[in-house]
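The values are calculated or read from the model by the stated rules, or taken from the named source; none is laboratory data. Not measured: the values here are computed from a predicted model. Every residue, glycine among them, receives a Cβ derived from its backbone with ideal geometry; neighbour counts consider all protein chains shown. What goes into the accessible areas is simple: the full protein's heavy atoms, side chains included, and nothing from ligands, DNA or RNA. Shrake-Rupley method; radii C 1.70, N 1.55, O 1.52, S 1.80 Å.
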Amino acid sequence: MPPNRVPYARSARLHLSKADPILARIIAEVGTLGIIPRIERFQALVRSIIFQQLAGAAANAIYNRFVGLFPGGFPTPEQVLAKSDAELRSVGLSEKKVLYIKDLAEHVRDGKLNFHRFHRMDDDEIIADLTRVKGIGVWTAEMFMMFNLGRPDVMPAGDLGVQNAIMRHYRMRQRPNRKKLLKLAERWRPYRSAAAWYLWRSLDITLPDGKTPTPKKRAKTIKPIKTIKPIKRS
């Protein structure tokens, strides 16, 4: 296993393959778990805000122009706060996104959001901490925990990609609601982050971290297993 992948990759693959025959088939087709934690903290959250509700190319262009406002690379919270709203809007940011980015910068500058204490906090505490910032919702916090903190047991129940994959492979007539999805995902503990990643890859979609790492074996079109009955709807 490459050293930069999450340390739980092998254990997750073995556990999920044993716990769920449908997921086992997906894992066999997709191959090695490809979650690679990113070291960025403030930068990752700013990027998430910029990318909200934008197509990839447009968001990348705005992001690059934003970074270009600051000689020397990605700015510190203090450098962001030193810019006027008009300067930030000049790169294509909306008024709301300027507000969100500055609110994030203030939280980090003032120590109200302290990334160094996250290793002592559980997932729910981190979500509560992050979502105090304007413009950061539960989904953004979950993606941050999965792809930046390397947390192994995050289940983004509100993610449409996860919902669509489950609907398809578990032969449901409609996307599962949060309650139903979380009930199904109990069997995947303590590696629900890995389960979500494999479900995303089963649809061959771009991952929420913006990358689509190439597995050892290219994922084929994975059809639902006919012998497994659909889960009864509550």
Pairing a residue in segment 11-31 that is charged (D, E, K, R) with any residue that is at pLDDT 95 or above and open to solvent by 60 Å² or more (accessible area, probe 1.4 Å), where Cβ atoms lie under 7 Å and the two sit 6 or more apart in sequence or on different chains, gives Asp20/Arg187
The helices (runs of 4 or more DSSP H) lying wholly within segment 63-173 that contain at least 1 residues that are under 30 Å from Val30 (Cα atoms) are 123-130, 138-147, 160-169
Test for Ala55: is it surrounded by fewer than 17 Cβ atoms within 10 Å (Cβ to Cβ), over 21 Å from the mean Cα position of the chain (by Cα) and free of Cβ contacts under 8 Å to residues at least 24 places away in the same chain: no
Reported set for segment 32-52 where residues are over 20 Å from Asp103 (Cα atoms) and open to solvent by 20 Å² or more (accessible area, probe 1.4 Å) is Thr32, Ile36, Pro37, Arg38, Ile39
Assigned to a helix (DSSP H, G or I) and basic (Lys, Arg): does that describe Arg10? yes
All but one of (1) over 19 Å from the mean Cα position of the chain (by Cα); (2) modelled with pLDDT of 95 or more hold for Thr221, so report the exception by its number. (2)
Which residue is surrounded by the fewest Cβ atoms within 10 Å (Cβ to Cβ), if the candidates are limited to segment 117-173 and must be of a type in the set (Gly, Ala, Ser) and more than 20 Å from Phe51 (Cβ to Cβ)? Ala128
Among the residues of segment 18-36, what is the count of those that are under 26 Å from Leu149 (Cβ atoms), touching a Pro at 6+ places or on another chain (Cβ under 8 Å) and not in a loop (DSSP other than H, G, I, E, B)? 1
